[in-house]
1. Any idea how many residues of the stretch 320-359 are of a type in the set (F, W, Y) and closer than 18 Å to A390 by Cα?
2. Taking the stretch 131-168 as the search range and keeping residues that are surrounded by 12 or more Cβ atoms within 10 Å (Cβ to Cβ) and in contact with a Gly (Cβ under 6 Å, 6 or more places away or on another chain), which one is modelled with the lowest pLDDT?
3. So the check is Cβ under 7 Å with 6+ separation or different chains; which pairs have a first residue in the stretch 229-245 that's closer than 27 Å to V71 by Cβ and touching a residue at least 24 places away in the same chain (Cβ under 8 Å) and a second one that's in a helix (DSSP H, G or I) and of a type outside the set (K, R)?
4. If the requirement is being at pLDDT 80 or above, exposed (fewer than 12 other Cβ atoms within 10 Å of the Cβ) and part of a helix (DSSP H, G or I), which of these qualifies: A328, A346, A410, A390?
5. List, please: which pairs have Cβ atoms under 6 Å, are six or more places apart or on different chains, and start with a residue in the stretch 346-359 that is within 17 Å of T380 (Cα to Cα) and end with one that is part of a helix (DSSP H, G or I)?
6. Go through the residues of the stretch 215-226 one by one and say whether even a single one is in a helix (DSSP H, G or I) and surrounded by fewer than 17 Cβ atoms within 10 Å (Cβ to Cβ).
7. Specify the residue that is surrounded by the most Cβ atoms within 10 Å (Cβ to Cβ); the eligible residues are those in the stretch 349-387 that are under 27 Å from the mean Cα position of the chain (by Cα) and not in a helix (DSSP H, G or I).
8. Out of the residues in the stretch 87-119 meeting the condition of being of a type in the set (D, E, K, R) and in contact (Cβ under 8 Å) with a residue 12 or more places away in the chain, tell me which one is surrounded by the most Cβ atoms within 10 Å (Cβ to Cβ).
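The values are calculated or read from the model by the stated rules, or taken from the named source; none is laboratory data. Being a predicted model, the structure only gives us computed values, none of them experimental. Cβ atoms come from the backbone with ideal geometry, glycine included; neighbour counts cover every protein chain shown.
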Amino acid sequence: MNLKLTDVHKTHRRSQQQMEKAIRDRLASIAGLELTVGQRPIFIAILGTDDAKLDKVAHDLMDKMRKIRGVADLEYSQDGDNPATIIKINHELASDLGLSVQQIGTALRPFVAGDQTNRWLAPDGQNYEVNVQLPKSGREKVADLADLSVASSKRDAMGNPIMVPLRQVVEFVPSTSPRVLKRQALQRRVAVYAGLENRPLGDVMKEVNAAMKTIDLPDGIRFDVGGAAQEMDETMQGFGVALGIAVIFIYLVLASQFGSFLQPIAIMMSLPLSLIGVLVALLVTKTTLNIFSVIGVVMLMGLVTKNAILLVDFANQGQREGKGQFAALMEAGQVRLRPILMTTLAMIFGMLPMAIGMGEGGETQAPMGRAVIGGVVTSTLLTLVVVPVAYTYLDNLGKRAVRWFRGVQAHDVHGANAEAGLPAGLDAGDKQTA
């Protein structure tokens, strides 16, 4: 049953998660129902070759998953097996009576499933298939098959085949047959599916993974996690790679523009500060860290450095004009405060409609806006405090490194003059001129 929900912002009714919980609660008291509400992002495949071991491991895992808060609509892929009957043949006795496995199977097939033997041309000119099969009254019970007789390869005194009742050579064992057989990586596969209720997928999967580690797997049996959980892991790995590449390129661009290897580090101090705001914003709004909030974090890497660039560039300009380091930083903070606040407020109000979740699909994209707003706010406030401090230490370190390098060069030049017999203050070029 597909239900189309009304716009929650217009009707002030319950959200999709609240509706799912209400449906589960209402239908839980009805016996015999297998209920699945919404999507089931948890998919755990169990691979192996032994059906009995696969079934046992699957049920052990399901018992542990039922105790995890947030797991709902648990389902086993092999539930609801079709009833079946296994035919066990006494090979020694069948051989003595002149019966082979092929003969027994060939005899049972037309009895139960039917066998097309010919076509009949009816008086109306139509061709009809002729099927040989026991009447329905003769194949309603397994005991009916035991009363059937099969012609053996041995013959009696008259030369006729000896008829052997199936009950003499066959045992009928009740069993079940799976509805579908799945294979993966050249192995049998059974699967456990589950949905979520009032908890994020990441939190639930941590406990599910911990539960899987507590199960003692038999030889040849292994777990394979798929579905939305696998996609989330791949997304987070891709996010880590994208974030690392973004940081490297930002550093290279800043180093080339400022002509320094140290000052870009002071500017990039605002990057980890923005992550604090992202987490706080997601926590306050009760938003999960999903693909959209991750995209917002990657966007922040290029946004939050602009304030630090304004501050550091103005401080460098002040020092080039002859001002002291502290005076240059104080003036940079005062002069650049207004443009920093203007760009920050413009970004906040620009992302506000997305963060509120306005329009169709707004709830899906809202985490991106919330992550960007939280990161921009905290990075702006902390940049005005942390970046000047980091700039002071790194600028002093750079100046000391330059003085040390010049001192080494001067020492080398003085030593070369002494070896050439030149007075102090002259170099090899002066000697050539003389």
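1. Filtering the stretch 320-359 down to residues of a type in the set (F, W, Y) leaves 326, 349.
Adding the requirement that they be closer than 18 Å to A390 by Cα leaves 326.
Looking only at that region, the number is 1.
2. Result: D144.
3. Listed by first residue and then by second, the contacts come to A229/L201; A229/M205; M232/L201; M232/G202; T235/I291; T235/V294; F239/V294.
4. Working: A328 fails: exposed (fewer than 12 other Cβ atoms within 10 Å of the Cβ); A410 fails: at pLDDT 80 or above; A390 fails: exposed (fewer than 12 other Cβ atoms within 10 Å of the Cβ).
Going through A328, A346, A410, A390 in turn, the sole match is A346.
5. M347/V376; I348/I373; M351/G369; M351/V372; M351/I373
6. No - not one qualifying residue is present in the stretch 215-226.
7. Ranking the qualifying residues of the stretch 349-387, first place goes to G357.
8. D115
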